[in-house]
Amino acid sequence: MKRLALVIALGLCTAAEPARPLPAVPSTPSAPPISGTNATGFTPPVTESGRDPFSPILVPKESVMVSPTYKPNYFKEQNITLPTTARRINKITVGYQNIDGSMAEKSVILDGDIDWHFPLRLVQDIQDFKAKEVIRRPDPTPGVERFEPYTEFVFKFTSKKLFLQTPFLIRQDIPLGSPPKIVLDFVKDPYGSFYDKSFQTALPYFKFVDIKTHEDFYRVTLTLDGKYQYQISPEKDGFWVLLQ
């Protein structure tokens with residue numbers, strides 16, 4: 001009975017105590033509106049149809065020419081010593097790496113007696129190529145081959161570098177694989193001049209140049225003597241085309 005009376009007394013004390021209110025939930029400050037966006041904060045992208053088709057993809061600017069970071073370390077020569085039992089040579093196999101990084105081999109059939117006392121020598125014959133006078137102004141810059149088919153298109157070749165002096169802006173550049181070519185499209189005024197010229201440089205790297213006029217652009221096609229990666233660097237009065 002005493003235990004029951006104690007439980008009833010505790011219950012009465014708890015019922016007599018007033019209820020305490022719960023603490024209020026802190027309010028979250030609203031984020032400021034984002035300028036230039038809609039209510040959801042999403043900015044719609046600019047579609048291709050909304051871009052001016054005559055707006056150049058690459059705009060010339062005053063900048064220092066970007067030189068290729070890779071400097072070739074050309075193979076010169078290598079002596080190959082054969083064992084004392086060798087008497088005739090049948091073939092030679094050369095392993096090489098392609099521009100895409102893949103490895104390949106090329107074998108050349110040979111036939112002849114050899115003396116093992118004397119080593120075979122593999123040599124790369126690097127020559128100083130000179131241009132033939134195809135289209136060239138008098139007194140060109142020393143070390144630079146200059147071709148000027150038009151005043152608006154002046155080509156200056158130096159080894160793997162081509163500087164194209166032109167007032168026109170590049171719209172796009174397109175590499176082609178067979179044969180290796182670089183196609184450059186330039187912005188053309190609706191009433192612009194007409195150009196149509198093809199010539200052979202007789203130089204390594206850049207073999208042929210074609211200039212054609214289309215309805216809304218000029219096209220310059222550079223035919224190469226092999227597969228190269230390239231980089232275009234804009235300058236104040238034209239563009240550099242750098243082969244790598």
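The values are calculated or read from the model by the stated rules, or taken from the named source; none is laboratory data. Predicted model only: the values in this text are computed from it and were never measured. Methodologically, a virtual Cβ is constructed for each residue, glycine included, from the backbone with ideal geometry; neighbour enumeration extends over all protein chains shown.
Numbers for the structure displayed
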read-out	value
Listing of strands (runs of 3 or more DSSP E) fully contained in the stretch 178-236 that carry 2 or more residues being in contact (Cβ under 8 Å) with a residue 24 or more places away in the chain and of a type in the set (A, V, I, L, M, F, W, C)	180-187, 206-213, 217-224
Members of the stretch 88-109 that are part of a loop (DSSP other than H, G, I, E, B) and surrounded by fewer than 10 Cβ atoms within 10 Å (Cβ to Cβ)	Asn98, Asp100, Gly101, Ser102
Some residue of the stretch 208-217 being at positive phi and not assigned by TED's automatic domain parsing to the domain that holds Gln97	no
The stretch 140-177, subset outside any strand (DSSP E or B) and among the aliphatic types (A, V, I, L, M), residue surrounded by the fewest Cβ atoms within 10 Å (Cβ to Cβ)	Val144
Positions within the stretch 171-217 being of a type in the set (Asp, Glu) and touching a Leu at 6+ places or on another chain (Cβ under 6 Å), in sequence order	Asp173
